[in-house]
Structure formats: structure tokens, C-alpha cells
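Colleague: Before we start, here is the structure in question, set down as C-alpha cells.
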Amino acid sequence: MDTEGKSHYEHLISYFKFLVTMTGGAITLLTGAAIYYSYNSLKDFKSDLKEEVNEIKSKALSSIEETKSQTNRQIKELNIEARELAISSTKHEVNKAFEENNIKALIENTAELKLTSKLGLIVSHETKKLEDIFRAIPILTTSYEAARWNGQVRKYIDTLYFYSEFASHELTRLLAKEFLLQKGRDYENYFVEIYKTNSQDSIKDICERSLGILLTINNLPKLFNKALVEEDLEKVTQAFISIRHLTNSDLPNFDFAKLRKLVNK
């Protein structure tokens, strides 16, 4: 093969490798995403999907080898053509060889046949979880709005806490926890602002007087109980502030999960 023919051959092979690499990337993305998604959602599909992915790749590689042979035959024909025609037809010929073996269709069809039923189950499973979230959102937002200052509204905070710990979907738990802690921040900020404006006493003195409990280590059990069962959320807030002061802990207001850990120490 002369220098020009060799250069043209290398150009053709490089372009072919580029196409194969792109297709190989498509295989990895398509099947890899399916495995990753199913592994996190439906673990029982993991080994089954891995076997199917290996089969998809095996068939694709076989087809790629056939395409290489066909490309080599076409190169011999291209070498006898004029340089201009050879160069201009290179991409066209390789694309044609690529499409004749229909590697892309093979990948897509095999993936569709092998994965459709299982992906359908995954979609159904995930959709049900989304429905659970959508059902929970009105409850969470209503509870958040109803837990207003100066109200006997402990049940709404308890609802947010329940969902933050026991909701079936992680997103629901996270949303409920954020609502709960945000409401806690609102209550604490309002409490501090009100009493800084209307009283010269320290926050500690105000809490002791309002709760009827001296802020001592020995009285921690009483403060724990006050935070866990008190109906008045203003006093619940005072109990959290008092517990934080006595234990020197990072205890956000209304973080009942963290509070229970302190109780059980």
C-alpha cells in the first residue's frame, strides 16, 4: 500500500473507531443506567440485568467485527479511486458500512426486548412512591401552616415529626424534617424577638418562670418530658432552649429525633 493509500486507510480506521467508540458509549450509558437505577430501586433485578447487559454487549461486539471486515473490503475499492473521490467518500462509505450492520438498531432493539418488562416494573414501583409523596405533601403543608404561634397545636408538629421519621419515601421524610425544623426556627426567633423587646430579663429567667422549672442538670428529665408532651408550642420551644443550654448541645428547636437521643443517653 502506497503512502497515500496508507494515510487514507488510517484515516478511515480512525473514523470507524470513533463511531464504534460512540456506540460503545451508548451501550454503557443505556445499560449502565438501567442497572444503576434498578440496583437502587429493585435490588432483585441486579444480577438478571447484568447478564442481559453482557449479552447485549456480546452481540454488539460481534456485529462490530463484521463491520470491520466489510470496511476493509470497501477500503480496497476506495484505494483505486482518485484521491479527491477517496477523501470525499470516506465518511460516506464508513457510515454506510456502519448502518448496513445496523449496530445502533441492534443495541436498541436488544435492550428494548430484554429490559422493557423489568423497566416497566421499575417505573411502576417508582410511580407508586411518587404517588405516596404527592399524597403526603398536602398533609405536610397543612400541618406546617396550622402550627401557628400561640396555638394549642402540638398535633401538627407531631404529624410533621411522624412523617420525618416513618414516611415510606426518603423525599417525604426529608421534606417533613425541613418543615419541622423551619417551624422550630420560626418559633424560636419569634420567642427571642418578643421577649427581648418586652422584657429586661434573660432568656434563662424567662424560661424558668414560664415553665416553672429551675434550669439545673437534675431537672433535665422534667425538661425532656415538657418538650415531648407539652401542648403549647411556645413552652416546647422554651424547653428546647433550656435543654440546649444545660447540655451544651447542638439541638435545633423541634428536632425530636435528636432530643430522643439525648433522653436515651
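Colleague: Restricting the search to the stretch 220-265, which residues are under 30 Å from the mean Cα position of the chain (by Cα) and of a type in the set (Phe, Trp, Tyr)?
Modeller: Those that are under 30 Å from the mean Cα position of the chain (by Cα) and of a type in the set (Phe, Trp, Tyr): PHE254, PHE256.
Colleague: Determine whether ASN225 is assigned by TED's automatic domain parsing to the domain that holds LEU259, surrounded by fewer than 18 Cβ atoms within 10 Å (Cβ to Cβ) and closer than 16 Å to LEU259 by Cβ.
Modeller: On the way: assigned by TED's automatic domain parsing to the domain that holds LEU259: yes; surrounded by fewer than 18 Cβ atoms within 10 Å (Cβ to Cβ): yes; closer than 16 Å to LEU259 by Cβ: yes.
Yes: the conditions hold for ASN225.
Colleague: State all residues of the stretch 222-258 that are out of contact with any Asp or Glu (no Cβ under 6 Å at 6 or more places or on another chain) and assigned to a loop (DSSP other than H, G, I, E, B); if no residue qualifies, say none.
Modeller: Selection gives GLU230, GLU231, ASP232, ASN248, SER249, ASP250, LEU251, PRO252, PHE254, ASP255.
Colleague: Tell me which residues, restricted to the stretch 188-221, are hydroxyl-bearing (Ser, Thr, Tyr), surrounded by 14 or more Cβ atoms within 10 Å (Cβ to Cβ) and without any contact (Cβ under 8 Å) to a residue 12 or more places away in the chain.
Modeller: Here is the first cut: in the stretch 188-221, the ones hydroxyl-bearing (Ser, Thr, Tyr) are 190, 195, 197, 199, 202, 210, 216.
Of the ones still in play, those that are also surrounded by 14 or more Cβ atoms within 10 Å (Cβ to Cβ) are 190, 195, 210.
Correct list: TYR195 only.
The values are calculated or read from the model by the stated rules, or taken from the named source; none is laboratory data. From a predicted model like this one, the values you see are computed outputs, not experimental measurements. Every residue, glycine among them, receives a Cβ derived from its backbone with ideal geometry; neighbour counts consider all protein chains shown.
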